[in-house]
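Report on the structure given below.
Values in this text are rule-based calculations from the coordinates and carry no lab data. In this text the structure is predicted, and so the values were computed from the model without any measurement. Glycine also receives a Cβ, built like all others from the backbone with ideal geometry; neighbour counts cover every protein chain displayed.
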Amino acid sequence: MDSLQLDLICTYKLMTEDEEEEIGIKQMLYQFQLLQAFRMTDYNDSEINNKMQTLYQQLKNVEFVKILIQKNPHTNYFKEEELIFRTLFSYDYFDLFHKCLYYHSKNESVDNAMDLLLEEFNRN
């Protein structure tokens, strides 16, 4: 998990888009924070794919990741677990999955963050 910056707080969902000129700011901030988490300054599809693949290989047997893959609503569309894992980096789930990864890296309980993510699964 060294390829990830875990000491950041994802704030993209906290932004408001009340004014017309603010529309799109949440998406832009999400993209920026995703790059920041992967320690990248510019989007590079190949690099981010390689980092996600490596991360999946490191985490695929970790219990909370197995649960998130199993309960992920995208299992209806994807059969390959690595593709389902990648959905955890989507706009809807990234902030909460990042929090799970942070707690896991500190050997702390991921239960609360995982419960929030599972609730988010049920909303989508």
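Some values worked out for this structure:
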| quantity | calculated |
| --- | --- |
| Calculated from backbone phi, Karplus (6.51, -1.76, 1.60) coupling profile of the stretch 27-41 in Hz, x at Gly/Pro | 5, 4, 5, 4, 4, 5, 5, 5, 4, 4, 4, 8, 6, 10, 9 |
| The chain: translational diffusion in µm²/s, Stokes-Einstein, Kirkwood Rh over Cα pairs, 10 °C, 1.306 mPa s | 105 µm²/s |
| Cα centroid separation - the stretch 1-75 against the stretch 87-112, whole Å | 10 Å |
| GluC sites (Glu not before Pro) restricted to the stretch 1-101 and DSSP loop, no more than 12 other C-beta within 10 Å | Glu17, Glu19, Glu80 |
| Neighbourhood net charge (15 Å Cβ-Cβ; Lys/Arg +1, Asp/Glu -1) for Lys106 | -3 |
| Loop sites in the stretch 37-106: chymotrypsin sites (Phe, Trp or Tyr not before Pro), DSSP, at most 12 other Cβ within 10 Å | Tyr43, Tyr77 |
| Reachable aspartates and glutamates, given that their alpha-carbon falls under 15 Å from the alpha-carbon of Lys106 and they are not under 8 places away in the same chain | Asp2, Asp7 |
